[in-house]
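Q: Quick one: the structure is below, and I'll ask about it shortly.
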Amino acid sequence: MRMYDIIKKKRDGQALCEEEIRFFVEGYTAGEIPDYQAAALCMAIYFCGMSVAETTALTLAMRDSGAVLSLPDMQGVRVDKHSTGGVGDKTSLVVAPIAATLGVKVAKMSGRGLGHTGGTVDKLEAIPGFCTDMTSAEMMRIVDEVGIAIVGQSADLAPADKLLYALRDVTATVDSIPLIASSIMSKKLAADDDCIVLDVKTGSGSFMKRREDSLALAEVMVGIGTRAGKKIRALVTDMDRPLGNAIGNSLEVVEAIETLRGRGPEDLYELCVALATHMLALAGKGNMADCEARVREVIASGAALDTFARMVRAQGGDEAYIYRPEQFAVGKHQKVVFAPQEGYISAVDAEQYGLAALVLGAGRNRKEDCIDHCAGILLQAKTGDFVRAGEPIATLYTDTKPENLDAAERMLLDATAFSAEQPAARPLIFDVVES
Ligand code: URA
């Protein structure tokens, strides 16, 4: 079998068989297939797509490229939540401690930022001392003790995805249904949780811009999970504007802490309540109404924030930052962006907002780039808000790229539309997909 023929077959729109898919995944993981051939195949998949059978074969081959977590001694139901990626999406930092406080186990493996979207691991590393690089045994000890651990994807789980994820990030091959579905589901199946809640984003800030594509992605992933014996549910949620007001790593951690204190922005708070409620209901912790009431309770009481702080301490982080988030450093260089005209913000291109944060240093252009944890954007006005000319709509922060402040400002302004009419409100949750 030759990689050249596999690329050509997919380029010409034909379906790959399981053997060919395994040849590619195993060869790439072993370092026998070079990046340029893997990138060419990803691009062919991007343009020609894959059937459900091919996507399932790709998912299982990626899962089998490494170990599958085996936790026979772990007591309790293990639940995971995963987002397909968005701008300002810090929900994992909020929902995982809520769910753990209410008695489910959350042993979460998360990713780094990808393209214009942020990643949970990068955000957590903004907490001084926080360690995301752990063995499965260390992670399990913390989950036993605290109910929750959030770590980076361990090198031994789905290594094929780790390699492909980094390659796709820099070759414009992220936003493809089979590549996203197999990437996410290979990790989820390797982590071997009992229940999975997927947050499938839709809109300008997500990889899937159109609702029908997001729904199709949700259906493919729910189908793969169900076939693998998991309890799985997917919510298709709005990403036509950034979630919350903060974009960028430490800014987002601070906003997640505020949300765990019950003081976060409404869109973020309500989405977190919904996701945590679905996690608990799927885990058999009661009906939706009861679960939702308990979710709101553990936020109001501070119990979920305490769980987050315990996890931070257990993972080597300084928990004082969780109770006094004003200690987080802010970017030394700042610029306020002012509204050029009066009117309602009628639409924003959330992807451009994510890219503006990236050029300030909050994300990576190349896979080896370092993150500036202080870099990012705090929004003072969002879609639907009325602003007068000259009022601030955002503040930009950076430590490492002050020369990019003007470019980020231009990107933000070009990505913001104004109108005399108030735009119609968009729902936060469009669909719930179950098997
Ligand atoms: N998140 C993932 O884990 N993989 C993707 O391909 C996209 C988002």
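Q: Dividing the convex hull volume of the alpha carbon atoms of the range 329-419 by its residue count, what do you get in Å³ per residue?
A: Given the Cα convex hull of the range 329-419, per-residue volume reads 81 Å³.
Q: Once the piece of chain linking Val336 and Glu26 is laid out straight, how much longer is it, given 0.36 nm per residue of separation minus the C-alpha distance between them?
A: 106.7 nm
Q: Further question: Placing unit charges on C-beta atoms (Lys and Arg positive, Asp and Glu negative, everything else neutral), compute the dipole magnitude of the range 103-249 about its Cα centre in debye, rounded to 20.
A: Roughly 320 debye, rounded to the nearest 20.
Q: What's the whole-number percent of alpha carbon pairs in the range 196-332 lying beyond 21 angstrom? Walk me through the intermediate numbers first.
A: Details: 4937 of 9316 pairs.
That tail contains 53 percent of the Cα-Cα pairs.
Q: Please report the antiparallel percentage of the DSSP beta bridges confined to the chain, to the nearest 5.
A: 55 percent
Q: Could you tell me the relative contact order of the range 3-49? Use alpha-carbon pairs under 8 Å, at least six residues apart, and round to a whole percent.
A: Contact order relative to length: 53 percent.
Q: Which residues' amide hydrogens lie under 5 Å from the amide hydrogen of Ala394, considering only partners 5 or more residues apart or on another chain, with H built in the peptide plane?
A: It is Val337, Gln380, by chain and number.
Q: Given the options Phe130, Phe47, Phe308, which has the most mean-square fluctuation in a GNM of the chain, springs set between C-alpha atoms less than 10 angstrom apart?
A: Phe47
Q: Pull out the extension gain between Met1 and Phe386, defined as 0.36 nm times the separation in residues minus the alpha carbon to alpha carbon distance; nm, one decimal.
A: 132.5 nm
Q: If I model the chain as equal point scatterers sitting on the Cα atoms and use the Debye formula, what is log10 I(q)/I(0) at q = 0.14 Å⁻¹?
A: Normalising to I(0) and taking log10 leaves -1.33.
Q: What distance in nm lies between label points placed 7 Å from Cα along the C-beta direction at Ala320 and Asp406?
A: 4.1 nm
Q: How many angstrom lie between the Cα centre of the range 206-233 and the Cα centre of the range 325-375?
A: 30 Å
Q: If you stretched the chain out fully between Ser435 and Glu266, how much longer would it get, using 0.36 nm times the residue separation minus the C-alpha to C-alpha distance?
A: Fully extending the segment from Ser435 to Glu266 adds 57.9 nm.
Q: How big is the charge dipole of the chain about its Cα centre, in debye rounded to the nearest 20, if each Lys and Arg gets +1 on its Cβ and each Asp and Glu gets -1 on its Cβ?
A: So the magnitude is around 300 debye.
Q: Further, regarding this structure: Using bins 10 angstrom wide from zero, how does P(r) for the range 1-155 break down, in % of all Cα pairs?
A: 10, 30, 30, 23, 8, 0
Q: Here is a follow-up. Quote the FRET efficiency, to the nearest 0.05, computed for Asn287 versus Ser70 with a Förster distance R0 of 45 Å and r equal to the Cβ-Cβ distance.
A: For Asn287 and Ser70, the calculated efficiency is 0.90.
Q: Which three lengths, in whole Å and largest first, does the range 210-280 cover when its Cα atoms are put on their principal axes?
A: 39, 29, 20
Q: Obtain the radius of gyration and the Kirkwood radius of the range 4-81 from its C-alpha atoms and give Rg over Rh.
A: Numbers: Rg = 15.4 Å, Rh = 14.0 Å.
Rounded to two decimals, Rg/Rh equals 1.10.
Q: If you take the alpha carbon radius of gyration of the range 3-49 and divide it by 2.2 N^0.38 Å, what ratio comes out, to two decimals?
A: The value comes to 1.02.
Q: Moving on. Top mean-square fluctuation among Val295, Val387, Val79, Gaussian network model of the chain, C-alpha springs under 10 Å?
A: Its mean-square fluctuation being the largest, the pick is Val387.
Quick note: the coordinates plus some simple rules give every number you see, no bench work behind them. Note that the structure is a prediction, hence the values are computed from the model and not measured. Every residue, glycine among them, receives a Cβ derived from its backbone with ideal geometry; neighbour counts consider all protein chains shown.
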